[in-house]
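> Structure provided below as structure tokens; questions to follow.
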Amino acid sequence: MMTKLIWLPVAVLTALTLLFAGCAGVGARVQEENGYTDISAGELAEMLEDKDFVLVNVHAPYQGEIPQTDLFIPFNEIAEHTDRLPGKDQPVVVYCRSGSMSTTAADTLVSLGYTDVFEVDGGMRAWRASGYELLGQ
């Protein structure tokens with residue numbers, strides 16, 4: 001009887017550990033100190049499977065796009081076009097060609113009070129290098 005009592009908590013803890021480990025995929029990213037979350041091209045591809053965010057190409061000038069892109073707003077004009085974006089607590093993913101313009105755009109959005117901002121590390125270059133399709137090239 002004592003053995004069964006010991007194994008019950010161990011079994012429950014094991015089940016909870018497996019449950020939370022399974023949840024540690026796409027939705028368990030860590031927001032950086034700068035206020036936004038860096039994601040890889042692969043993570044973006046996973047997110048696009050059940051898309052629930054606005055995907056914004058901030059590269060200027062236009063040099064192609066990732067499929068399912070919703071908006072094109074130059075990185076240096078993003079503050080002037082917040083009326084085109086969702087609410088400040090809704091997820092927004094920004095990308096550019098290499099990552100520098102989208103980093104600036106992500107910083108700007110955070111400074112404006114956006115709380116669920118993602119930035120694609122390496123931008124369209126990383127997307128293509130990971131074997132994904134680019135449109136408009």
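The values are calculated or read from the model by the stated rules, or taken from the named source; none is laboratory data. None of the values given here were measured: they were computed from a predicted structure. So basically every Cβ, Gly included, is an ideal-geometry build from the backbone, and we count neighbours across all protein chains shown. These area figures cover heavy atoms from the full protein model, side chains too; ligands, DNA and RNA do not enter into them. Shrake-Rupley method; radii C 1.70, N 1.55, O 1.52, S 1.80 Å.
> Test Gln90 against the stated conditions and say whether it is modelled with pLDDT of 95 or more and out of contact with any helix residue (DSSP H, G or I) (no Cβ under 8 Å at 6 or more places or on another chain).
yes
> Every residue in the stretch 54-76 that is farther than 17 Å from Leu135 by Cα and either acidic (Asp, Glu) or surrounded by fewer than 19 Cβ atoms within 10 Å (Cβ to Cβ) (or both), please.
Hits for the stretch 54-76 are Val54, Pro74, Asn76.
> Working carefully through the options Thr82, Thr104, find the one that is open to solvent by 50 Å² or more (accessible area, probe 1.4 Å) and of a type in the set (Ser, Thr, Tyr).
Thr104
> Filter the stretch 117-137 for residues that are crowded, with 19+ Cβ neighbours inside 10 Å and part of a loop (DSSP other than H, G, I, E, B) and give the result.
Of everything in the stretch 117-137, just one residue is crowded, with 19+ Cβ neighbours inside 10 Å and part of a loop (DSSP other than H, G, I, E, B), namely Gly122.
> Further question on the same structure: Suppose we filter Gly113, Gly87 for residues that are farther than 22 Å from Gly136 by Cβ and either among the polar types (S, T, N, Q) or without any contact (Cβ under 8 Å) to a residue 24 or more places away in the chain (or both); which single one remains?
So the residue among Gly113, Gly87 that is farther than 22 Å from Gly136 by Cβ and either among the polar types (S, T, N, Q) or without any contact (Cβ under 8 Å) to a residue 24 or more places away in the chain (or both) is Gly87.
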